[in-house]
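Enquirer: Take a look at the following structure, please.
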C-alpha cells in the first residue's frame with residue numbers, strides 16, 4: 001500500500017478547482033501487480049466473447065454419400081467421400097465451433113484487488129479528475145464543453161454515483177465517452193480509459209463496494 005495518500009482537486013462545472021480531497025488508500029493506494037491485472041483483463045475479454053464462428057464437419061456438409069471410386073484397382077488413393085476435409089467443398093477438420101466456451105471464473109476478491117490496482121494506477125498517472133456535478137441539460141454540447149474545460153475530452157470514462165439518464169442521453173453520440181456507475185466498474189474499462197471523470201459522491205460508493213478485505 002502506498003505510504004503517502006493521493007490528494008486530488010475537485011472541479012466545478014466550469015472546470016475550476018474548488019477544494020482538495022484525499023483518496024482512500026485502501027482503493028487508490030494499493031501495490032500494483034501487473035500479472036494480476038493481465039489475468040483479470042484477459043478474463044473479462046474472454047467472458048464477453050460470443051464465439052459465433054462455426055464450421056461444418058464432414059458429416060454436416062451436403063453431398064458425398066457415395067464412395068467416389070472403388071477401393072482397389074484404380075491406382076488412386078482410396079477415398080470414402082468427396083466431402084472429406086482434403087476435398088474441395090469438404091468439411092473442416094479442426095475449424096471453430098459455436099459450442100466452445102471461453103469464459104473464465106474469477107473470485108470476487110481477485111476482481112476487487114485488480115480494480116483497486118487499476119484505480120491506483122490511474123490515480124498515480126494523474127488521470128482521475130474529480131467533479132462536484134455534471135451538466136444537467138441532457139444535451140451533447142454542454143458535456144463536450146465540460147470535458148474540454150477539464151482537458152478530459154480524449155477517451156473519457158465518466159463515473160457518476162448512480163444512474164443518470166440525462167447524462168446518458170447527452171453522451172450517447174460521443175464515441176470516445178463512456179459511462180459506468182460507481183458500483184458497476186470493471187478493471188478493463190478503467191485501464192482502457194485515458195481519463196476518469198469521477199463524481200465526488202462516487203468515492204464513497206467505490207470505497208463501499210470495492211474495498212479489499214483481508
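Enquirer: Taking the residues in the range 102-112 that are surrounded by 12 or more Cβ atoms within 10 Å (Cβ to Cβ) and modelled with pLDDT of 90 or more as candidates, determine which candidate is farthest from residue 51 (Cα to Cα). Spell out how you get there, then give the answer.
Expert: Initially, the range 102-112 is screened for residues surrounded by 12 or more Cβ atoms within 10 Å (Cβ to Cβ), giving 102, 104, 106, 110-112.
Checking the rest, the ones that are also modelled with pLDDT of 90 or more come to 104, 106, 110-112.
Values: 104: 14, 106: 20, 110: 26, 111: 24, 112: 27 Å.
Taking the candidates together, the pick is 112.
Enquirer: Next up: Which residue out of 78, 83, 62 is exposed (fewer than 11 other Cβ atoms within 10 Å of the Cβ) and either more than 28 Å from the chain's Cα centre (by Cα) or in the same structural domain as residue 157 (by TED's automatic domain parsing) (or both)?
Expert: Selected residue: 62, the only one of 78, 83, 62 that is exposed (fewer than 11 other Cβ atoms within 10 Å of the Cβ) and either more than 28 Å from the chain's Cα centre (by Cα) or in the same structural domain as residue 157 (by TED's automatic domain parsing) (or both).
Enquirer: Under the condition of being in a loop (DSSP other than H, G, I, E, B) and modelled with pLDDT of 90 or more, which residue from the range 16-52 is farthest from residue 204 (Cα to Cα)? First the steps, then the outcome.
Expert: Let us first name the residues in the range 16-52 that are in a loop (DSSP other than H, G, I, E, B), namely 16, 23-24, 29-33, 49-52.
If we keep only those that are modelled with pLDDT of 90 or more too, we end up with 16, 23-24, 29-33.
On the way: 16: 22, 23: 10, 24: 9, 29: 15, 30: 17, 31: 21, 32: 22, 33: 24 Å.
Per the criteria, the residue is 33.
Enquirer: Just need a number here: residues in the range 160-184 that are surrounded by 20 or more Cβ atoms within 10 Å (Cβ to Cβ) and in contact with a strand residue (DSSP E or B) (Cβ under 6 Å, 6 or more places away or on another chain).
Expert: 5
Enquirer: Against the condition under 25 Å from residue 38 (Cα atoms), part of a loop (DSSP other than H, G, I, E, B) and either touching a helix residue (DSSP H, G or I) at 6+ places or on another chain (Cβ under 9 Å) or modelled with pLDDT of 95 or more (or both), how does residue 115 come out, does it pass?
Expert: On the way: under 25 Å from residue 38 (Cα atoms): yes; part of a loop (DSSP other than H, G, I, E, B): no; either touching a helix residue (DSSP H, G or I) at 6+ places or on another chain (Cβ under 9 Å) or modelled with pLDDT of 95 or more (or both): yes.
Answer is no for this residue.
Enquirer: OK, next. Just to verify a result, which residue in the range 114-142, among those that are touching a strand residue (DSSP E or B) at 6+ places or on another chain (Cβ under 6 Å) and over 15 Å from residue 24 (Cβ atoms), is surrounded by the most Cβ atoms within 10 Å (Cβ to Cβ)?
Expert: 131
Enquirer: Looking at 91, 99, which one is modelled with pLDDT under 90 and in a loop (DSSP other than H, G, I, E, B)? So that I can check it myself, show each step before the final result.
Expert: Working: 91 fails: modelled with pLDDT under 90.
Answer to the check: 99.
The values are calculated or read from the model by the stated rules, or taken from the named source; none is laboratory data. Model, not experiment: these values are computed from the prediction. Note: ideal-geometry Cβ built from the backbone for every residue, glycine included; neighbour counts use all protein chains shown.
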